[in-house]
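Notes follow once the structure below has been shown.
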Amino acid sequence: MTSFLEVVDLVKHFPGVKANDGVNLTLHKGEVHSILGENGAGKSTLMKLIYGLYQPDSGEIRLEGKPVKFHSPRDAIRAGIGMVHQHFMLIPALTVADNIVLGDEPGGITYKRAEAEKKVRELSEKYRLEVDPSAKVEQLSVGLQQRVEILKALYRKAKVLILDEPTAVLTPQETEELFSVVRHLKSQGIPVLFISHKLDEVRAIADRVTVMRAGKTVETLPIGDATPQQLANLMVGREVVLRVEKTKANPGEVILDVQQLRVNDTARREKVRNVSFQIRAGEIFGIAGIDGNGQTELVDAIAGLLPIVGGRLRFLGRDITRLSTAERTKAGIAYVPQDRQLDGLVLDFTLTENAILRDFKRKPFSKGGILFHKPAKTYAERLINLFDVRPRDVNRHAGDLSGGNQQKVILAREVSREPHLLIAVQPTRGLDVGAIEGIHKQLLRLRDEGKAILLVSLELDEILSLSDRIGVIHSGEMVGIVPGESATREQLGLLMTGVTNGEATEVTTR
Amino acid sequence: MKHIMRALATPVIASLLAIIIGGIIAAAIGYNPLQVYGALISGAFGNAANIGYTLAIATPLILIGLGIAISFRAGLFNIGAEGQYWVSVMAATWVGYHFTGLPGWLHVILCLVVAMLVGGLWAGIIPGLAKAYRGAHEVITTMMMSYTGILLCKYMIEDGPMRKPGYIPESYPIPQNTWLPTLIPQSQLTIGIVIAIVAVVVVWFVLFHTTLGFQLRVVGSNPRAARYAGIRVPLYTVLALGISGVLSGLAGGVQLLAIDHRLAEGFNTGYGFTGIVVALLARNNPFGVIVAAVFFAALSTGGQNMQQVTNIPASLTDVLTGLIIFFVAAERIVPQVIQWYKRWTSRASTSISEEGPKPA
Ligand SMILES: Nc1ncnc2c1ncn2[C@@H]1O[C@H](COP(=O)(O)OP(=O)(O)O)[C@@H](O)[C@H]1O
Ligand SMILES: [Mg+2]
């Protein structure tokens, strides 16, 4: 195998950070090469250097043996480098074909849409990336939008494809589909640089893996030689616990009592149907289910963000069915929402302001409507020290932080108010192993302190490793509640697809 | 300190670019830019009277700009300040010539309070409630309410009950004991400017040191996070537009008591629209509003002097205003220009393999 792309001693500094600090990488023709590293390791920076979005401070990039310098993505594209960013860059109101050809439209002065669509169709057949060229991008799922991005790169004759954390936004099914696309591209001779911080994905798709840590490439090894534990340790730079140790739960009084709950979504579609369960102090109750089966609505209703159509909600013995979000927060319900950037944080606020986002009305942060910045700042400083948020600067805006650190800020905020119940939705989504380990440990520590925890996750492994009891939701109904220690993937998988208790006879219910 | 510098960079650069381009235009049509700007500056700040006049014009701009900045902070575009201003003038005029038995200071306060209330209600009730509970876009509703208000004022002094008998359509005047005292004799500068500055400090305090301001800003920055934080988004939407209207109303009240003393025909000064530009240039910073308002006031007062001294049309100041708006709105242009320049210089020294495949 010959090398296609080579990166030699690449260095890139940002004010105060060595984002890339002596990076070496060799991409062979016809391989899928993974860059594995925690958030902030410098993966995206490296890709942006290769793609001409940043210029290196020193070091060299070689394409097929020749040194190249890209002043802009335009240069990189011209040289055959294709990249799909972490955040898509599509125009929602235009069609798939429009988006793909944008900037290189067929035809002279007039735009020949039919021709564009034909070309896109040929391309999508060649690379087995099925998507309707005339569909509007805004109507496509995230997975399909990603395909459009890939097609966009291929349309520009990409000879290598860079995918920056492509699975972060995908459902498990979409991830599988992406993997088969990647494999097909490989078979067509297009090498792929696959950025990820997820061990299992890297092991599933890559031929070789390069681990990055703190701006440096630590090691490159064939995937066959690497165990998950070894990769995790390389990534984090210390021994990591991949699966947290858990003692037996010691459940106490009932904290949350959900009775026959019915909830509609904002478009008034029935999403939660007569769901009942209880959570006790000192236990983690996990909710498993395929995305979109009512988990979000259930949790929003408990947090007070969606109105309850029917049923009752009791918290510490008190009926809270009609209480507002603020009143529930005050009563002791903490909530780590699914979308940290859309719901959990105000990105252009400082960490101090975000730390008191849900507590600004109480002492010592305010009194009689006057805010006091000093106590807020002290409080925020304590939180970020306790949860090791980086950078350790409460004056930074939340939007400046990496996803993992943003999540830590939210978790710190929610946990520090000493709640009786913590609702955590996908608390480790998009985080790296080190951060996941930390957050799992925190959740277990809270449980052992006697808090009740409602955990919603799409990752079965996460549910299985943390939950003391697991409720499975399907089409808005709780189809089974099983004890955590005896639950298996298969059993949950069956329940999640709607096989009821009667059919899955092994399944134990309450 | 550093972030203050960064916040200042865009408006300052935008203004400078506009001034430079304005100078080029002046030169191109045959005037000496230095002379032109010299006349502009001396017209605006040349002597005490000129300074007084500039600050007098800045007063309503500060108050209106402040109100618009608050609405922007809450993520709302109150572009109907002009109408809020005028209905407030109308209401305050009515109070002014009706309750003549009151002691002067009480009468002044009453006029200002009524002006603020009416301005607040004009913005808060229909546009505010419609936005909060029906999602009606405030750009449309504040604009419509603005026209409605202006036409209502017209009616009041042309055919309506406020018309003073006589040829000129105007209202009865307000009594002299409600006029605001002047700060510089013979000038139009009154303690109105003090009221405006106090308002700036109050708004700054409210925005950054009260739970009310915190909630307004959360709603403006991320309404979903606001809901999650337990903030009643509809309430704060109404409040934001209401407070914005209160400040437009205060501007109207102060202007009436300080300068106009009556509601008169031809009143359409455009303060409500310049106020939008003031808020934009100030980047919604309360103290920035003072600077931006004085700047635009200076363009207006200096522009007249500029025309007299150099014969250049005063509308050059409109060109400047337009350019500033352009550069502030297009703030991303500034780093982009820097980047182009860098690429252009480095491309000259290095080269890359250009023979890559041409896209189909
Ligand atoms: N444009 C930038 N300006 C300043 N710092 C940056 C910039 N981009 C990235 N960084 C910093 O560089 C480091 C590496 O970031 P990044 O390459 O995005 O990591 P990864 O993609 O591996 O998560 C981080 O500490 C990040 O905060
Ligand atoms: Mg990244």
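The values are calculated or read from the model by the stated rules, or taken from the named source; none is laboratory data. What you are looking at is a predicted structure, and each value in this text was computed from that prediction instead of being measured. A quick note on method: Cβ atoms are made from the backbone with ideal geometry, for glycine too, and the neighbour counts reach across all protein chains shown. The accessibility values were calculated without ligands, DNA or RNA, using every heavy atom of the protein model including side chains. Shrake-Rupley method; radii C 1.70, N 1.55, O 1.52, S 1.80 Å.
Going by the conditions given, is A:Ala76 of a type in the set (A, V, I, L, M, F, W, C), within 9 Å of ligand 1 (Cβ to nearest atom) and either within 14 Å of chain B (Cβ to nearest Cβ) or in contact with a strand residue (DSSP E or B) (Cβ under 7 Å, 6 or more places away or on another chain) (or both)?
no
Determine whether region A:129-151 contains at least one residue that is free of Cβ contacts under 8 Å to residues at least 60 places away in the same chain and either within 16 Å of ligand 2 (Cβ to nearest atom) or within 14 Å of chain B (Cβ to nearest Cβ) (or both).
Within region A:129-151 (the criterion being free of Cβ contacts under 8 Å to residues at least 60 places away in the same chain and either within 16 Å of ligand 2 (Cβ to nearest atom) or within 14 Å of chain B (Cβ to nearest Cβ) (or both)), the answer is yes, since at least one residue qualifies.
Applying the selection to region B:165-175, what residues are surrounded by fewer than 20 Cβ atoms within 10 Å (Cβ to Cβ) and in contact (Cβ under 8 Å) with a residue 12 or more places away in the chain?
B:Ile168, B:Pro169, B:Tyr172, B:Pro173, B:Pro175, listed by residue number.
Could you name every one of the helices (runs of 4 or more DSSP H) located completely within region B:152-255 that has at least 1 residues being away from chain A (no Cβ under 14 Å)?
Helices (runs of 4 or more DSSP H) meeting the threshold: B:192-209, B:233-255.
Specify the residue that is farthest from A:Arg78 (Cα to Cα); the eligible residues are those in region A:8-59 that are away from ligand 2 (no atom under 12 Å from the Cβ) and among the β-branched types (Val, Ile, Thr).
Here the answer is A:Val17.
Can you find a residue that is touching a Leu at 6+ places or on another chain (Cβ under 7 Å) and either within 11 Å of chain B (Cβ to nearest Cβ) or touching a residue at least 40 places away in the same chain (Cβ under 8 Å) (or both) anywhere in region A:99-110?
Checking region A:99-110: at least one residue is touching a Leu at 6+ places or on another chain (Cβ under 7 Å) and either within 11 Å of chain B (Cβ to nearest Cβ) or touching a residue at least 40 places away in the same chain (Cβ under 8 Å) (or both).
Limited to region A:217-248, what total is found for residues that are open to solvent by less than 60 Å² (accessible area, probe 1.4 Å) and in a helix (DSSP H, G or I)?
8
Taking the options A:Phe88, A:Phe70, name whichever one is at the interface with chain B (Cβ under 10 Å from one of its Cβ atoms) and aromatic (Phe, Trp, Tyr).
Residue meeting the stated conditions: A:Phe70.
Outside any loop (DSSP other than H, G, I, E, B), away from chain B (no Cβ under 12 Å) and either under 24 Å from A:Pro427 (Cβ atoms) or more than 16 Å from ligand 2 (Cβ to nearest atom) (or both): does that describe A:Val409?
In short, yes.
Identify all residues within region A:429-443 that are in contact with a Leu (Cβ under 7 Å, 6 or more places away or on another chain) and open to solvent by less than 30 Å² (accessible area, probe 1.4 Å); write none if there are none.
If the condition is that a residue be in contact with a Leu (Cβ under 7 Å, 6 or more places away or on another chain) and open to solvent by less than 30 Å² (accessible area, probe 1.4 Å), then A:Val433, A:Ile439, A:His440, A:Leu443 are the ones that fit.
Quick check on A:Gly16: is it within 16 Å of ligand 1 (Cβ to nearest atom), open to solvent by less than 10 Å² (accessible area, probe 1.4 Å), of a type outside the set (Lys, Arg) and on the phi > 0 side of the Ramachandran plot?
Here the answer is no, as A:Gly16 does not meet what is asked.
Quick check, is A:Ser44 among the hydroxyl-bearing types (Ser, Thr, Tyr) and modelled with pLDDT of 90 or more?
yes
Restricting to region A:394-409, count the residues that are of a type in the set (Asp, Glu) and either away from ligand 1 (no atom under 12 Å from the Cβ) or outside the structural domain of A:Thr350 (by TED's automatic domain parsing) (or both).
The number of residues fulfilling the criteria is 0.
In region A:257-283, which residues are charged (D, E, K, R) and free of Cβ contacts under 8 Å to residues at least 40 places away in the same chain?
The answer is A:Arg268, A:Arg269.
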